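The values are calculated or read from the model by the stated rules, or taken from the named source; none is laboratory data. Just so it is clear, the structure is predicted and the values come from calculations on it, not from any experiment. Note that each Cβ is placed from the backbone with ideal geometry, even for glycine, and that neighbours are counted across all protein chains shown. Protein only, heavy atoms only, side chains kept; ligands, DNA and RNA dropped before computing areas. Shrake-Rupley method; radii C 1.70, N 1.55, O 1.52, S 1.80 Å.
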Amino acid sequence: MNRINYGLLSRIKNSAHTTSGLVTLAVAADITDAPELKESAVEEMAKMEPLPTLEEAQLIGLEATYTVLMAVYDQMKRNETSLACNGRYFRLPNPVFCFVCAKKHH
């Protein structure tokens, strides 16, 4: 990687504090052939909210999107959570009353 690419990537990395910023960093890492930097951006993206949009997922590619989604899935399993009612999280195994659908979730 040449000095110009390194300088640009450093600037982008320093400003990548949001999901969209990390997507920009991952795309720039692809363009400049910096796989370690893309991997780092994807790992950080998996910890962020909101998750990448469809358009952002298309930009970062299938493998990176899969990595993000599997990290979220693993976190859900560790926290014993489940998705219900339009994507809101409910803690399991205790029943939780849902104000969205007016039912108890187990």
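Structure summary
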read-out: In nm, spacing of pseudo-spin labels at Asp74 and Leu51 (7 Å Cα→C-beta vector); value: 1.5 nm
read-out: Protein-only accessible surface order, largest first, of Lys77, Lys38 at 1.4 Å; value: Lys77, Lys38
